[in-house]
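The values are calculated or read from the model by the stated rules, or taken from the named source; none is laboratory data. On a predicted model such as this, the values are computed, not experimentally measured, just so you know. Methodologically, a virtual Cβ is constructed for each residue, glycine included, from the backbone with ideal geometry; neighbour enumeration extends over all protein chains shown.
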Amino acid sequence: MTANPGFRNYLHDKFNFYNRISIDAYKTYIEDLRKIGAIEIEHAGRNLRYDKQRKRATEAIDAIHDQGMDAILYTGAFGTEDLTKNPGLEQYAQRNINGDVLGYGVLNLKTAMMCPVSDYVEKITIPQILSTLEWADYDGIFFDIPWVLKNGCYCNNCEDIELSSREKNQVIVRQGLEKIVQAIKEKHPEIRISVNASAPTINNNRNTGANIDNLTGLFDEYVTEWNPYRWGQTTKVIERCIKAAKEVTSSKIYHATTCTDGSGKIYSENKLTELFKAIISSGATPRLGIRFPKEQLEIIKIALTNSETL
């Protein structure tokens, strides 16, 4: 059995830098996470504009480093944006064939996604990230939802690209991400950059432009993502997903999954053991989103330990 590689944990939903948090409670919780195997802590917050928000982030990053873990900035590459509060960004938005703005999950102006080849990348994404990296000592960045949404993109920013929709989406996503990665690496070559490559062989991500073979050679690390339990599947699906990713890149692979069912209830120790075993034995590092009370962290710890011995 492959040794436990530790795990990356997205923690923004429990401790949000935009809101008031107790740094003492934060320090206690990440110490608990470290004790059960966390090696990286991931937070959103690329556009913290107020001193008190930046102070929270700085103190949290210092606490992460004091525990010997890496701090990772979570962000989108092309949104999401609330156009009800930022109407000037509408010019950059992904749109369907009818001209409707595309929002993440639904047609929603509050979760709008921007076209990868619009000026949004150079005027918003890149400046915000570079500004954050000037004051925040992050070790890495993770780009989530780096794709064109279903039935897009038909906006004015990419209308001159004369390809099929699938080919076009691959081209514009790659071009947008190349600009972002190049800008970061020029200023901060030490930063490790990872990207959500979704679920190879499971979802048809070629239509979104974010299939892993379209993104290879660009990022330091890749994050596959799938929770088979949500779809009544076995963990063999995870093994297939990670295997497919490893066939197209030699870079480090993480696998993102949830530890809860659709109602938010934590899975049993046995189910989590099987989940972690499939990820770790396939040669990937788990990327989780643990925000449980301390007594439930013990379930995670036991499942991670058991996954090494089965």
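Can Glu90 be described as in contact with a strand residue (DSSP E or B) (Cβ under 8 Å, 6 or more places away or on another chain), in a helix (DSSP H, G or I), surrounded by fewer than 17 Cβ atoms within 10 Å (Cβ to Cβ) and of a type outside the set (Phe, Trp, Tyr)? Yes; evaluated as a whole, the condition is true for this residue.
A search for C-beta distances below 6 Å between a residue of the stretch 267-284 that is under 16 Å from Arg230 (Cα atoms) and any residue that is acidic (Asp, Glu), counting only pairs 6+ apart in sequence or on different chains, returns Ala278/Glu239.
Of everything in the stretch 189-220 that's β-branched (Val, Ile, Thr) and more than 15 Å from the chain's Cα centre (by Cα), which residue is farthest from Ser165 (Cα to Cα)? This residue is Ile191.
In the stretch 241-256, of all residues being hydroxyl-bearing (Ser, Thr, Tyr) and in contact with a strand residue (DSSP E or B) (Cβ under 7 Å, 6 or more places away or on another chain), the one that is surrounded by the most Cβ atoms within 10 Å (Cβ to Cβ) corresponds to Tyr254.
If you go through the stretch 15-41 and pick out every residue that is touching a residue at least 40 places away in the same chain (Cβ under 8 Å) and surrounded by fewer than 16 Cβ atoms within 10 Å (Cβ to Cβ), you end up with 2.
Yes/no matrix, rows are residues, columns are (1) touching a Lys or Arg at 6+ places or on another chain (Cβ under 6 Å); (2) among the β-branched types (Val, Ile, Thr):
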residue: Gly68; (1), (2): no, no
residue: Gly76; (1), (2): no, no
residue: Asp82; (1), (2): yes, no
residue: Ala93; (1), (2): no, no
residue: Ser118; (1), (2): no, no
residue: Glu122; (1), (2): no, no
residue: Thr125; (1), (2): no, yes
residue: Ser131; (1), (2): no, no
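Taken together, the criteria exclude Asn9 from residues that are modelled with pLDDT under 95, within 18 Å of the chain's Cα centre (by Cα), polar (S, T, N, Q) and within 21 Å of Ile141 (Cα to Cα). As a summary of the residue check, Asp82 satisfies the conditions (1) within 22 Å of Lys294 (Cα to Cα); (2) of a type in the set (Asp, Glu); (3) touching a helix residue (DSSP H, G or I) at 6+ places or on another chain (Cβ under 8 Å) except for the one numbered (1).
Counting only residues that are part of a helix (DSSP H, G or I) and more than 18 Å from Val248 (Cβ to Cβ), how many does the stretch 172-206 have? Final tally of qualifying residues: 11.
Name the single residue that is surrounded by the most Cβ atoms within 10 Å (Cβ to Cβ) among those in the stretch 221-235 being within 19 Å of the chain's Cα centre (by Cα) and not in a helix (DSSP H, G or I). Among those residues, the one meeting the criterion is Thr224. So, in the stretch 46-60, of the ones that are out of contact with any Leu (no Cβ under 7 Å at 6 or more places or on another chain) and surrounded by 20 or more Cβ atoms within 10 Å (Cβ to Cβ), which residue ends up nearest to Pro127 (Cα to Cα)? Filtering the stretch 46-60 for residues that are out of contact with any Leu (no Cβ under 7 Å at 6 or more places or on another chain) and surrounded by 20 or more Cβ atoms within 10 Å (Cβ to Cβ), the one nearest to Pro127 (Cα to Cα) comes out as Leu48.
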